[in-house]
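Structure first, then comments.
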Amino acid sequence: MNLNIETRNEVIIIYVNEERLDAHNSGDLKSEMQRLFEEGTKNILVDLHDVRFIDSSGLGALVSGFKNAISHQGNLKLSTLQTQVKSMFELTRLHRVFEIFPSTAEALENF
Amino acid sequence: MEKRAIEIDIKVPNQTRYLSLIGRIGEDLAKELDKYCGDRETLAYHINLVLTEAMVNAIKYANAEDPDKMVHIIITIADNELIIRVYDNGQGFDINSIPPPDFEKLEDRGRGVFIIKSLMDSVRYHAVEGGNVLEMTKRLQ
């Protein structure tokens, strides 16, 4: 899976450079977030700008990251969701769980 | 015999690397439904999604991730409905016994069947010779 990782203001930004976040590749994102939290990272922002399609496994990987954040006293937030991706969070009520920001910059201001 | 405008019959190995290919075929097909009066882009996304979810069920659960098995998909467009059938060679499961997700609990899994049932008009899973079929129908009018 193609992920770009960058640190800004003590927040690790994971850019998911994939058109699809699905059962084929979401395990990689899940393990990467797990590794980062285990290494002591407190704040992760997952930027989904490039992701046009997400399935229940992709949502599940983000839920897993969110739970990992809580168990490590950290935060996991999301930014730049495309319309159809956002509608999947709404369908599964996960928009009530995640803090979702329209841009990377706005998300970074809210850690 | 029922008049059928289009029927696409595909078999792919039981591997998640084919999800994108099959999802894209479903999506492209939905975009061609010029009789559909709703939002075709959204319909196309939903068809991609239910195909992906149904294939993952077949690959991971029914066919127990055996890479030598095959997943068989038939997409039919009849006059006013789109029917997707995803066949597996597994033991089967009772789709009606799967509870909807508990929105208050944060589980990693358990949203796939809920998504399929939410986006399609009817969903049935039943035994056929050599396995089972998940049959999902979307009315187009």
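Could you please let me know if A:Ser56 is polar (S, T, N, Q), within 20 Å of B:Val50 (Cα to Cα) and touching a residue at least 24 places away in the same chain (Cβ under 8 Å)? Yes: the conditions hold for A:Ser56. Is one or more of the residues making up segment A:87-96 charged (D, E, K, R), touching a helix residue (DSSP H, G or I) at 6+ places or on another chain (Cβ under 6 Å) and within 29 Å of B:Ser118 (Cβ to Cβ)? No, because not a single residue in segment A:87-96 is charged (D, E, K, R), touching a helix residue (DSSP H, G or I) at 6+ places or on another chain (Cβ under 6 Å) and within 29 Å of B:Ser118 (Cβ to Cβ).
Examine segment A:27-49 for a residue that is touching a Leu at 6+ places or on another chain (Cβ under 7 Å), within 14 Å of chain B (Cβ to nearest Cβ) and part of a loop (DSSP other than H, G, I, E, B), and state whether such a residue exists. Within segment A:27-49 (the criterion being touching a Leu at 6+ places or on another chain (Cβ under 7 Å), within 14 Å of chain B (Cβ to nearest Cβ) and part of a loop (DSSP other than H, G, I, E, B)), the answer is no, since none of the residues qualifies.
May I ask you to verify whether B:Asn48 is assigned to a helix (DSSP H, G or I) and more than 14 Å from chain A (Cβ to nearest Cβ)? So B:Asn48 does not fit the description; no.
Is one or more of the residues making up segment A:61-84 touching a residue at least 24 places away in the same chain (Cβ under 8 Å), within 18 Å of B:Pro101 (Cα to Cα), in contact with a Gly (Cβ under 8 Å, 6 or more places away or on another chain) and not in a loop (DSSP other than H, G, I, E, B)? Checked against the condition, which is being touching a residue at least 24 places away in the same chain (Cβ under 8 Å), within 18 Å of B:Pro101 (Cα to Cα), in contact with a Gly (Cβ under 8 Å, 6 or more places away or on another chain) and not in a loop (DSSP other than H, G, I, E, B), segment A:61-84 yields at least one hit. Contact map, segment B:34-45: first residue farther than 15 Å from B:Asn80 by Cα, second residue modelled with pLDDT under 95, Cβ cut-off under 6 Å, separation 6 or more or different chains; pairs are B:Ala44/B:Ala30; B:Ala44/B:Lys31. Keeping to segment B:54-101, report how many residues are within 10 Å of chain A (Cβ to nearest Cβ) and out of contact with any strand residue (DSSP E or B) (no Cβ under 9 Å at 6 or more places or on another chain). Result for segment B:54-101: 3. Residues that are within 14 Å of another protein chain (Cβ to nearest Cβ) and in a strand (DSSP E or B) do not occur anywhere in segment B:34-42.
Counting the residues of segment B:51-97 that are charged (D, E, K, R), at pLDDT below 95, surrounded by fewer than 21 Cβ atoms within 10 Å (Cβ to Cβ) and part of a strand (DSSP E or B) gives 1. Identify the residue in segment B:103-140 that is of a type in the set (Lys, Arg) and in a strand (DSSP E or B) and, among all such residues, is nearest to the other protein chains (Cβ to nearest Cβ). Filtering segment B:103-140 for residues that are of a type in the set (Lys, Arg) and in a strand (DSSP E or B), the one nearest to the other protein chains (Cβ to nearest Cβ) comes out as B:Lys138. Only one of the listed residues (A:Leu62, A:Leu94) is under 10 Å from the mean Cα position of the chain (by Cα), within 14 Å of chain B (Cβ to nearest Cβ) and buried (at least 16 other Cβ atoms within 10 Å of the Cβ). That residue is A:Leu62.
The values are calculated or read from the model by the stated rules, or taken from the named source; none is laboratory data. Just so you know, these numbers come straight off a predicted model, no measurement behind them. Glycine also receives a Cβ, built like all others from the backbone with ideal geometry; neighbour counts cover every protein chain displayed.
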